[in-house]
1. Could you tell me how many of the residues in the stretch 10-30 are modelled with pLDDT under 95 and touching a strand residue (DSSP E or B) at 6+ places or on another chain (Cβ under 8 Å)?
2. Residues of the stretch 32-55 being within 13 Å of the chain's Cα centre (by Cα) and either part of a loop (DSSP other than H, G, I, E, B) or of a type in the set (Val, Ile, Thr) (or both), which ones?
3. Every residue in the stretch 39-54 that is out of contact with any Lys or Arg (no Cβ under 8 Å at 6 or more places or on another chain), at pLDDT below 95, of a type outside the set (Val, Ile, Thr) and surrounded by 12 or more Cβ atoms within 10 Å (Cβ to Cβ), please.
4. List, please: which pairs have Cβ atoms under 9 Å, are six or more places apart or on different chains, and start with a residue in the stretch 19-31 that is part of a loop (DSSP other than H, G, I, E, B) and end with one that is aromatic (Phe, Trp, Tyr)?
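The values are calculated or read from the model by the stated rules, or taken from the named source; none is laboratory data. Everything quoted here is computed from the prediction, not taken from an experiment. Cβ atoms come from the backbone with ideal geometry, glycine included; neighbour counts cover every protein chain shown.
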Amino acid sequence: MKAEDYCKKCPECGCADKNIDIVKVPKKTEGIPEDVLESALESGKLTIIRCSNCRHIFEYSKDRKMDVEFKRICI
Ligand SMILES: [Zn+2]
């Protein structure tokens, strides 16, 4: 996800707030890009960018550095 996309509105509900959730790698890995899944399996953790309101998934992320960038731009 590009930096400017973090402030985009949710296509489902129009909410601009997002959560970055770090979760365990699910058994069902459908929809997760291969390279993301690979690094998620390595670390055992999956980073998901979700709508704070309706939980729409924007992106599965493998780059932790974007957390910092996200805060800098949106807060
Ligand atoms: Zn939403």
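1. Selection size over the stretch 10-30: 10.
2. Answer for the stretch 32-55, where residues must be within 13 Å of the chain's Cα centre (by Cα) and either part of a loop (DSSP other than H, G, I, E, B) or of a type in the set (Val, Ile, Thr) (or both): Ile32, Pro33, Val36, Thr47, Ile48, Ile49, Ser52, Arg55.
3. Passing the criteria: Leu41, Ser43.
4. Partner pairs satisfying both residue conditions: Gly31/Tyr60.
Quick grid of which residues meet (1) within 15 Å of the ligand (Cβ to nearest atom); (2) hydroxyl-bearing (Ser, Thr, Tyr):
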position: Tyr6; (1), (2): yes, yes
position: Cys10; (1), (2): yes, no
position: Ile20; (1), (2): yes, no
position: Lys27; (1), (2): no, no
position: Leu37; (1), (2): no, no
position: Cys51; (1), (2): yes, no
position: Cys54; (1), (2): yes, no
